[in-house]
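**Q** So that we are looking at the same thing, I have put the structure below in C-alpha cells.
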Amino acid sequence: MLSVAEAQARIIAALRPLPIESVGLDEALGRVLAETVVSQRVLPPFDNSAMDGYAVRAGDVAGATDATPVILPVSGESRAGGSPDLSLPAGTAMLVMTGAPVPRGADAVVRDEDTDRGREQVAVRVAASPGTSMRYAGEDMAPGDEILTAGRRLRAADLAACAALGVALLPVRRRPRVAVLSTGDELVEAGEVPGPGQVADSNGPALAAAIVEAGGIPVRMGIARDTAADVREHLLGAEGCDLIVSSAGVSVGDHDHVRDVVEALGSLDFWRVAMRPGKPLAVGEVRGVPFIGLPGNPVSSQVTFELFTRPALLALQGAAEIHRRRWPARVLDDMAKPDGLETYHRGVLVPDDGDGVPGVRLTGSQSSGVIRSLVLADCLVVLPAAGSSVRAGSLVEVIPFGQ
Ligand code: AMP
Ligand code: MG
C-alpha cells in the first residue's frame, strides 16, 4: 500500500498546469498568478507626510518643548493630491495633510497634536529628528523589485500591490472545472426528507464547497446509484472537465462499482493508501480526465479531499505551494490509532502554555462517520503510521485549516 506522501506525489505527477488567462483585479482573488509581477514604479512616488501636521526643517525646531515652544510662521499648505513641486522657505512651517507631498527643504513632520494648530504662525511643542513622520519616495517599492512571484495564490493585499503598481490585468491559470459525483443507493438530495434506510448526500455539497475554496469550479453530476451502468453514465457526463472527484463505492463491497467502471473507461493507477480515515482511495483517469475516487464516509471524504484533491487542484493552477503547512504541537490527550496506518485525527489547537508549541485536543469521537468531529476541528492531527497510540505530551504535526 502507498503512503500518503507517495500517493500525493503520484497524483501530482500526472497533472499539468492549465492554460493562462488574463483577469481584472476584481476577479483575481484566490487565483494563482502565472507570471511574476515586477514593479515598474517608485512607491510612494514622492516624499509624503505620514501625519496631519506641519512640515519643518528639523533644525528649526531643535529644543522645542511644551514649556519653550518654537514659533514659526506658516508658509502655506500642502494637500493630498496637490503638487509635489513645493519648497519650504527656511525658518517656516508648512501645513501638510497625511499623504500630501512634503515640500523640498523639509526633513520632518510635526504632528498637529504637538502644536497649537495655528494657521498664521504655529507653536511647535516638540523637537523632531530628521525623518519623523516622513514617508520617503521608493521606500515601499522601486522599479525592478519582484513583488509577487509566479505560483502565488492571490490575496487581498496582493491586489493592493498590483493596483498601486498600475497592474490592472493579471495573468492567472484557468480555474479547474471539477466534476463532483456522489454514489450510493442510500443517498437523497440534501433538501429531501430521507426515507427508511436513506441518508442525505452530505459529501456532494461539502466537496463542491471545498473545490471552490481551492480555486476550482464545481460541476455537480448528482448521485449515481450503485450499478455499474449508472456509475458509468454519470462518469461519462464529466467529459470536458479538468478533474473528476467522486465519493463512495471504492472499497470491496458487492455494490462498489466505481473502480471497475473507471478501469473500463480509462485506467486505475492505485486504489489504496495506508491511512485512516480513508484507506480506499481510487486514483486514475476516465477518458483522459484525471479521476480521484474518495471514500464515502463524510469525514473520510473531506480529509482525503484535503490531502489529495486540494493539492491536485492547486497543482492544476500552477501554485507553488500545494500542500498546507504542517506545524508542531503537543498532544494533550492520549490518542489511539490503527498500527501501520498514518492517521489524521480532527483536533482543536490550544494556545502555547509556555513550552514553545501549541497543544492539541481531539474533537470527540473520531469515527469517520461523525461529521461533528470535523465541524468542531480547526486542524488535522497527523499521527505517524507506526504504533497503536500516541501518549499525551508527545510532539506531533498538525495541519491547521486555512493556511
Ligand atoms: P461506501 O464507501 O459506499 O461503502 O460508503 C461508506 C459510508 O459513507 C456509508 O455509510 C455511506 O452511507 C456513506 N456515504 C457515502 N456517500 C455519502 C454521501 N455522499 N453523503 C453522506 N454519506 C455518504
Ligand atoms: Mg456505498
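**Q** Pull up region 65-92, narrow it to residues that are in contact with an Asp or Glu (Cβ under 8 Å, 6 or more places away or on another chain) and among the hydrophobic types (A, V, I, L, M, F, W, C), then point me to the one that is surrounded by the most Cβ atoms within 10 Å (Cβ to Cβ).
**A** Result: L72.
**Q** Which numbered condition trips up A274, out of (1) surrounded by 20 or more Cβ atoms within 10 Å (Cβ to Cβ); (2) more than 9 Å from ligand 1 (Cβ to nearest atom); (3) within 28 Å of the chain's Cα centre (by Cα)?
**A** Single failed check for A274: (1).
**Q** Further, regarding this structure: Among the residues in region 180-187, are any under 24 Å from the mean Cα position of the chain (by Cα) and either within 14 Å of ligand 1 (Cβ to nearest atom) or under 22 Å from E285 (Cα atoms) (or both)? If you could, list the steps in order and put the result at the bottom.
**A** Keep residues of region 180-187 that are under 24 Å from the mean Cα position of the chain (by Cα), which gives 180.
Add one more test, that the residue is either within 14 Å of ligand 1 (Cβ to nearest atom) or under 22 Å from E285 (Cα atoms) (or both), and what stays is 180.
Yes; the residues of region 180-187 include at least one that is under 24 Å from the mean Cα position of the chain (by Cα) and either within 14 Å of ligand 1 (Cβ to nearest atom) or under 22 Å from E285 (Cα atoms) (or both).
**Q** What number of residues within region 188-215 satisfy the criterion of being within 10 Å of ligand 1 (Cβ to nearest atom) and buried (at least 20 other Cβ atoms within 10 Å of the Cβ)?
**A** 4
Every number in this text was worked out from the coordinates using simple rules, so none of it is lab data. None of the values given here were measured: they were computed from a predicted structure. We place every Cβ from the backbone using ideal geometry, glycine too, and count neighbours over all the protein chains shown.
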